[in-house]
Number of protein chains: 2
Amino acid sequence: MTTAQDTTASPAATRADLITPALLLDRSKLTRNIQRLADRARALGVVLRPHLKTAKSIDVARIAFPDGPGPITVSTLAEAEYFAAHGYRDITYAVGLSPAAAQRAMALCARTGAEVKLLLDSPGQADALRAAREATGVVPSVLIELDCDDHRGGLKPDDPLLLEVADRVVAAGATLAGVLAHAGESYGLSTPDALVKAAENERQATVQAAKTLRAHGHPCPIVSIGSTPTAHFAENLDGITELRAGVYMFFDLVQHGVGVCTLDDLAISVLTTVIGTKPEKGWILVDAGWMALSRDRGTANQRVDQGYGLVCDESGHVLEDVIVAEASQEHGILKIRSGVGKPMPDLPIGTRLRILPNHACAMAAQHDSYAVVEGTAPEILAQWPRMRGW
Amino acid sequence: MTTAQDTTASPAATRADLITPALLLDRSKLTRNIQRLADRARALGVVLRPHLKTAKSIDVARIAFPDGPGPITVSTLAEAEYFAAHGYRDITYAVGLSPAAAQRAMALCARTGAEVKLLLDSPGQADALRAAREATGVVPSVLIELDCDDHRGGLKPDDPLLLEVADRVVAAGATLAGVLAHAGESYGLSTPDALVKAAENERQATVQAAKTLRAHGHPCPIVSIGSTPTAHFAENLDGITELRAGVYMFFDLVQHGVGVCTLDDLAISVLTTVIGTKPEKGWILVDAGWMALSRDRGTANQRVDQGYGLVCDESGHVLEDVIVAEASQEHGILKIRSGVGKPMPDLPIGTRLRILPNHACAMAAQHDSYAVVEGTAPEILAQWPRMRGW
């Protein structure tokens, strides 16, 4: 398989050597963002279990865990296998379970000694644990998924099914490790008050479910919550044992619109080159289209629509009101933000620019590696591979 | 890098063995779609130069060229390098040129003997050809990009710059091979009359530019047009020498909405597994989110909005009015199409389904390989890798 940069004889030494489009990762911003949430988790008295679906990189994981592997969250079993191969042993697979996934996860545990905690919300999924246990000889460890805000899957904390599912998990010979919620609707918020309220709602729903389970004889040691917005706005986490978040490592324009970060916190961007100009229309064409930026339009419903991304100069300084207004596969069209009456800066063919992401998880997924930079320095410090697939 | 399926000891023999989500490609539909446009090009008396940005696969290219490498179009120089390594020698790089790309393309030509035709629309880009020629010793072959519908880059056929650019190409020591247009706005149409008109407009604009150039002593042997909709609706191609199209090999829901294909023509889909049910809301959760389907919402502005994709049973029969209404990274939420008053079919956890793409280029780009199937048969006939990167 041909991948980005593999046609160059030696790794790029500076930004100028990179083939564009290329994904840049600012190590100093990454480290600062990771430190910020680690400090919060410590202050709130909970374990931080980073979600590695955003970074999908052992090198990024090593920044989060400088002293060796810690507890992590993943979104695919391929991620679980990748991080297990790098020594991670405490892994929560935070996507609802299919019978085939249960078998594959337990086979990974049998092979590596890792504990992969599984997520489910129905009696049928609990029953399927028996076959996975029998096939692999591993006792599955299970979290019941809760629904705190009508976002996606999970049981409401007062759903009578909660106790039935818990009993069926135990009856299948598995261990009920606890409960898990994700306040996914917090991505749609934009004021501190609303975010504090969403975090408190996530906390209360999860603690309530754990109490119900304990009252019926299920110890429920893990009480897990998290989304990047609520993780940063929770005022207290009484009754919670662990916090999960993923995009906080990189941040993005959606999180900026929610109010969780500043533009200066955004750690990834796509380096691109000007390949055309249409001065009569005020357009600049660049070689970053949706293949490099992703099709994500997550800011479309926010107060400030950033198109397919906000444009910076090559060093990372924002070119105010210049956005990627349209994107085809390998073309982006830069325009001045609609309604702002100012001229497009002069950006001749060959000029290099950076594009900040609407959604970091989606932009990063379009690339096979990170070119690691720091601040405005031109050097490429390292090339960190990303894993992908399922 | 960990990729889809690489954790299985042996390749999947049947659909049931595939880890989901997985990208399926129906070889019989692919072959039929390829044959259809090849027959049209022959009847219209033009060369077909398929755009391989959609498939990015040598195995797919071999279906289009059973007798050995033919003329192709690519959207990245990584594609040019990949197909040149597989023996392709006549390659049009249909994205506007940066100085760095000119050097890299000419280095490929010097290395392999391939001819990579370059695209440009400005005097500055023409001037940059001189350095590429001097660095590599290869005479660049150049197409001038035309703008026939205000879609993206290119010069209007009556722009005085057309002759200046042509003269500057020659002055830089390059060969002017011809002109190229792409009626990209045809994707927004939906009636045969409008498509016929767009095709004729694309033809006229391109022929006009070629005439102007010839009247000024530039031979302009290549007169190239193409987009999947106009390629299928052009009634005559007098004065045109070649036709380009890419998504026609796979087709998708956007092309179906435009009116270029039937649902039965769609050759790719994502195989997915039910991982949750919310009967009280009429929701089914599957393990195909935007990571597997892409974020493309290309049908959002069409008459029928297909959400993130239309749902079929495991054999490929459409489940009428069931769409992926919402998508997060690894979750899709199936709902009955808004406004249609019928119940969700019973799809228990573990059920396998297929999702048809809004945009085939975008869905396929999320995967590392195609699991090749034929019709409703359960067998996996082959696993074809895809290339990616820039």
(request) Sticking with the crude label model, points 7 Å out along Cα→Cβ, report the distance from A:R130 to B:R36 in nm, one decimal please. (result) 4.9 nm
(message) Using each residue's phi in the stretch B:79-96, evaluate 6.51 cos²θ - 1.76 cosθ + 1.60 at θ = phi - 60° and report the 3J(HN,Hα) Karplus result to the nearest Hz, with x for Gly and Pro.
(response) 5, 4, 5, 5, 6, 4, 5, 9, x, 6, 10, 10, 10, 9, 8, 8, 10, x
(message) Distances in nm, one decimal, shortest first, from A:R36 to the same residue in every other copy, taking the label point 7 angstrom along Cα→Cβ.
(response) 5.1
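By DSSP, what percent of the beta bridges with both residues in chain A are antiparallel, rounded to the nearest 5? Display every interim value, and only then the final one.
Details: 31 of 61 bridges.
The antiparallel proportion sits near 50 percent.
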(request) Please compute the net charge surrounding B:D26, taking Lys and Arg as +1 and Asp and Glu as -1 over other residues with Cβ under 15 Å from its Cβ. (result) -2
(request) Before rounding to the nearest 500, sum -39500 (n - 2.57) across all DSSP H runs of length at least 4 in chain A and divide by the residue total; then give [θ] at 222 nm in deg cm²/dmol. (result) -9000 deg cm²/dmol
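Rg/Rh for the stretch B:211-288 to two decimals, with Rh computed the Kirkwood way over all alpha-carbon pairs.
Working: Rg = 21.5 Å, Rh = 16.5 Å.
A ratio of 1.31.
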(request) Would you mind checking which residues have amide H under 5 Å from A:W283's amide H? H placed 1.01 Å from N; only 5 or more apart, or other chain. (result) A:K278
(request) Give a quick list of chymotrypsin sites (Phe, Trp or Tyr not before Pro) in the stretch B:49-132 that DSSP marks as loop, anything other than H, G, I, E or B, with at most 15 other Cβ atoms within 10 Å. (result) none
(request) Once every Cα of the stretch A:89-245 carries one equal point scatterer and solvent is ignored, give the base-10 log of I(q)/I(0) from the Debye formula at q = 0.10, 0.13, 0.16, 0.21 Å⁻¹, two decimals. (result) -0.34, -0.57, -0.83, -1.25
(request) Could you run the Karplus curve 6.51 cos²θ - 1.76 cosθ + 1.60 with θ = phi - 60° over the stretch B:110-122 and give me ³J(HN,Hα) per residue in whole Hz, x for Gly and Pro? (result) 4, 6, 10, x, 5, 9, 9, 7, 9, 10, 7, 8, 9
(message) As a check on your reading of the symmetry: which chain B residue has its Cβ nearest the axis that brings B onto A, and how far is it in Å?
(response) B:R295, 2
(message) Can you list residues from other chains, or at least 5 along the same chain, whose modelled amide H is less than 5 Å from the amide H of B:D159?
(response) none
(request) Can you figure out the FRET efficiency of A:R303 with A:E374, using R₀ = 30 Å and their beta-carbon distance, to the nearest 0.05? (result) 0.45
(request) Provide B:M106, B:M344 in ascending order of the number of other Cβ atoms located within 10 Å of each residue's Cβ, fewest first. (result) B:M344, B:M106
(message) Using a Förster radius of 30 Å, what is the FRET efficiency between B:A85 and B:V47 based on their Cβ-Cβ separation? Nearest 0.05, please.
(response) 0.85
(message) So the label point sits 7 Å from Cα along the Cα-to-Cβ vector; using that for B:V340, what distances do you get to the other copies, in nanometres, sorted shortest first?
(response) 4.2
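Provide the percentage of antiparallel DSSP beta bridges, counting only those with both residues in the protein assembly as shown; round to the nearest 5. Walk me through the numbers on the way to the answer.
Details: 62 of 122 bridges.
Given both bridge residues lie in the protein assembly as shown, the antiparallel proportion sits at roughly 50 percent.
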(request) Could you size up the charge dipole of the protein assembly as shown around its Cα centre, putting +1 on the beta carbon of Lys and Arg and -1 on that of Asp and Glu, and report it in debye to the nearest 20? (result) 700 debye
(message) For the pairs A:K117/B:K278; B:K53/B:K335; A:K29/A:K156; B:K56/B:K117; A:K211/B:K342; A:K56/B:K335, flag any whose C-alpha to C-alpha distance is greater than 27 Å.
(response) B:K53/B:K335; A:K29/A:K156; A:K211/B:K342; A:K56/B:K335
(message) Over 33 Å apart: what share of the alpha carbon pairs of chain A falls there, rounded to a whole percent?
(response) 35 percent
(request) Note down the nm distance, to one decimal, between modelled labels 7 Å out along Cα→Cβ at A:I63 and at B:D264. (result) 5.3 nm
(request) Using only Cα atoms, tell me the angle between helix B:161-171 and the longest principal axis of chain B; keep it within 0 to 90° and round to the nearest 10. (result) 70 degrees
(message) Between A:S190 and B:D238, how high is the FRET efficiency from 1/(1 + (r/R0)^6) when r is the Cβ-Cβ distance and R₀ = 51 Å? Nearest 0.05.
(response) 0.35
(message) Could you give each residue of the stretch A:199-208 its phi-based ³J(HN,Hα) in whole Hz, using Karplus coefficients 6.51, -1.76, 1.60 with θ = phi - 60°, and x for Gly or Pro?
(response) 5, 5, 5, 4, 4, 4, 4, 6, 5, 4
(message) Please compute the Kirkwood hydrodynamic radius over the protein assembly as shown, one decimal place, Å, based on all pairs of different Cα atoms.
(response) 27.1 Å
(request) Note the angle between two axes, namely the Cα long axis of helix B:27-44 and the longest principal axis of the Cα atoms of chain B, as a number of degrees from 0 to 90, rounded to the nearest 10. (result) 30 degrees
(message) Sequence gap at least 6, Cα distance under 8 Å: using those rules, report the relative contact order of chain A to the nearest whole percent.
(response) 19 percent
(message) Assume the label is 7 Å from Cα along Cα to beta carbon: what separations in nm does B:R111 have to the matching positions in the other copies?
(response) 3.4
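Taking K and R as +1 and D and E as -1, what net charge do the other residues with C-beta under 12 Å from the C-beta of A:Q103 add up to? Write down the numbers at each step before the final one.
Numbers: positive: A:R104, A:R130, A:R133; negative: A:E134.
For residues surrounding A:Q103, the net value is +2.
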(request) With a ≥ b ≥ c taken as the square roots of the eigenvalues of the C-alpha gyration tensor of the stretch B:67-135, please select rounded if a/c is under 1.5 and otherwise prolate if a/b is larger than b/c or oblate if it is not? (result) prolate
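Here, each number is a calculation from the coordinates, and none is a lab measurement. Only a predicted model underlies this, so the values are computations on that prediction, with no experimental measurement involved. Heads up, the Cβs are rebuilt from the backbone with ideal geometry, glycines too, and the neighbour counts pull from every protein chain shown.
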